[in-house]
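The values are calculated or read from the model by the stated rules, or taken from the named source; none is laboratory data. None of these values were measured; they are calculated from a predicted model. Positions of Cβ are backbone-derived with ideal geometry, glycine not excepted, and every protein chain shown enters the neighbour counts. These accessible areas exclude ligands, DNA and RNA; they are computed on the full protein's heavy atoms, side chains included. Shrake-Rupley method; radii C 1.70, N 1.55, O 1.52, S 1.80 Å.
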Amino acid sequence: MSARTRSLTHAHPTEVSLQDALDAVGDPVRRAILRELAGTPDWTRACGTFDLPVTKATRSHHFAVLRAAGLVEQRDEGARRLNRLRRPEFDRRFPGLLALVLAEPG
């Protein structure tokens with residue numbers, strides 16, 4: 001595990017309040033990230049592959065919010081940071097919430 005990976009903080013959905021979960025999914029950029037992750041296999045999307053209308057720093061912030069809400073898990077592979085949507089874990093904590101988010105037209 002790299003020092004970069006060790007610096008990542010991942011909350012487990014059981015540690016997340018409903019308010020924090022709602023705050024995380026309330027932003028349209030974060031919802032776009034979640035929809036894209038839901039349509040790809042785990043660990044196949046690097047952060048830089050998302051077409052988002054934000055700067056690199058803002059993109060990093062959005063991923064940090066998603067990690068803190070227990071929605072996304074990340075790991076480093078070389079220079080790339082790969083992502084996984086934590087759907088099963090999040091669905092157990094907040095049944096139906098992620099389904100509503102993912103059903104929203106992009």
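Observations on the structure shown:
- In sequence order, calculated HN-Hα J values of the stretch 53-70 (Karplus, 6.51, -1.76, 1.60; Hz; x Gly/Pro): x, 9, 6, 4, 5, 5, 4, 4, 4, 4, 5, 5, 5, 5, 5, 5, 8, x
- Label point of T14 set 7 angstrom out along Cα-Cβ; within the stretch 52-93, amide nitrogens under 11 Å from it belong to 93.
- Rounded if a/c under 1.5, otherwise prolate or oblate - the stretch 48-89, Cα gyration tensor axes: oblate
- Excluding ligands, DNA and RNA, the accessible surface per residue across the chain is 54 Å² with a 1.4 Å probe.
- Across the stretch 3-103, the volume of the C-alpha convex hull divided among the residues equals 94 Å³ per residue.
- Percent accessible area from carbon and sulfur atoms, the stretch 41-106, protein chains only, probe 1.4 Å: 56 percent
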